[in-house]
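None of the figures in this text is laboratory data; all of them are computed from the coordinates on show. Nothing here was measured: the structure is a model prediction, and the numbers come from that model. We place every Cβ from the backbone using ideal geometry, glycine too, and count neighbours over all the protein chains shown.
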Amino acid sequence: MSGPTDVAVTSPDRATARRGLVLFLILVAGFDAVFVGVIVATGNPLWIFALMWSVAASSVVCRLVFREGFGDVSFRFGGRRPIALLLAGLVFPIVVGFVAFRFAWATGLATFTPPPGGFVPGLAVAATVGTAVGVLSAAGEEIGWRGYLLIRLIDAGVPRPVLVSGLIWGLWHLPLIVTGVIYADHPSWLLAGVVFMVSATSAGVVIARLRLDSGSIWPPVALHAAYNSVIQTAFSPATTGAGAPLWVGEEAGILVALTLLLAAVPLSRARWVMLRAPGTPI
């Protein structure tokens, strides 16, 4: 493990941070439009991987243009706390799944239909192997969202940077929802978009807390990868019924959004530690 002084970590001045934000948002929006268009035109969901990594690519361009360096991404662990937060990130989606989906199953809003191999074995695979594979795509987003956008919002003096970062993250997904690339089985794309914005903003608070409290990008990457794998390949496939997409449709399900919101509210009100990198306060 690297220590906090292994890589020099500097913060850009406020004007540079604001210019970086403008360029980053322009690039992210441009890539979003291009890749969503390609996905719709080709029908090939593999382009989503490129879309996710376009966020990281946008941040790299900004760092190079404004000579900001890469120290505050931050790829180091720097002690036991980041590792503990990484483990918390791995467990968090499982908790969300059991709270939201079990409530839907118990109340009849959706039906529990275990897969042929059994739900628990499938969950175990999703939480381990699936999460490890998911890191390859989740890292593309987190290097950009929490490794660049969140930190630059703070550097630029933007009010409520955590909330703003979550809102931007959610808005970035909306073209995928409107075009039916994701959540096409939801009763309404408009309702799916609204519920997703609640989920994304709430989850953004949790992920931002892991990033700023640890000073490392790895806890956010772990949570993002674990969430995609656990919810999408364990809980969702075991859930059927006409109302399933509405109530527990991954991030567009009402119960999932409420569960994420319940997790985000106390975290947002608690005392925050703000680290640019392990051992380096913002």
Matching residues in region 212-252 - criterion: being hydroxyl-bearing (Ser, Thr, Tyr), touching a residue at least 40 places away in the same chain (Cβ under 8 Å) and part of a loop (DSSP other than H, G, I, E, B): SER216
Hits in region 147-202 - residues which are among the hydroxyl-bearing types (Ser, Thr, Tyr) and assigned to a helix (DSSP H, G or I): TYR148, SER165, SER199, THR201, SER202
Top-ranked residue of region 232-251 - restricted to ones that are over 12 Å from PHE101 (Cβ atoms) and over 23 Å from the mean Cα position of the chain (by Cα), ranked as surrounded by the fewest Cβ atoms within 10 Å (Cβ to Cβ): ALA242
Residues satisfying the stated conditions in region 253-273, i.e. of a type in the set (Gly, Ala, Ser) and part of a helix (DSSP H, G or I): ALA257, ALA263, ALA264, SER268
Region 179-205, subset in contact with a helix residue (DSSP H, G or I) (Cβ under 6 Å, 6 or more places away or on another chain) and among the β-branched types (Val, Ile, Thr), residue surrounded by the most Cβ atoms within 10 Å (Cβ to Cβ): VAL195
Pairs with Cβ under 6 Å, 6+ apart, first in region 147-174 and closer than 19 Å to LEU267 by Cβ, second aromatic (Phe, Trp, Tyr) and crowded, with 21+ Cβ neighbours inside 10 Å: TRP169/TRP145
Residue in region 37-44 that is in contact with a Cys (Cβ under 8 Å, 6 or more places away or on another chain) and either within 20 Å of ASN228 (Cβ to Cβ) or of a type in the set (Asp, Glu) (or both) present: no
Test set (1) β-branched (Val, Ile, Thr); (2) crowded, with 16+ Cβ neighbours inside 10 Å; (3) outside any helix (DSSP H, G or I) - THR10 fails condition number: (2)
Region 163-182: number of residues that are among the hydroxyl-bearing types (Ser, Thr, Tyr) and farther than 27 Å from LEU210 by Cα: 1
Residue match in region 56-64 (condition: within 23 Å of VAL206 (Cα to Cα), touching a residue at least 60 places away in the same chain (Cβ under 8 Å) and of a type in the set (Lys, Arg)): no
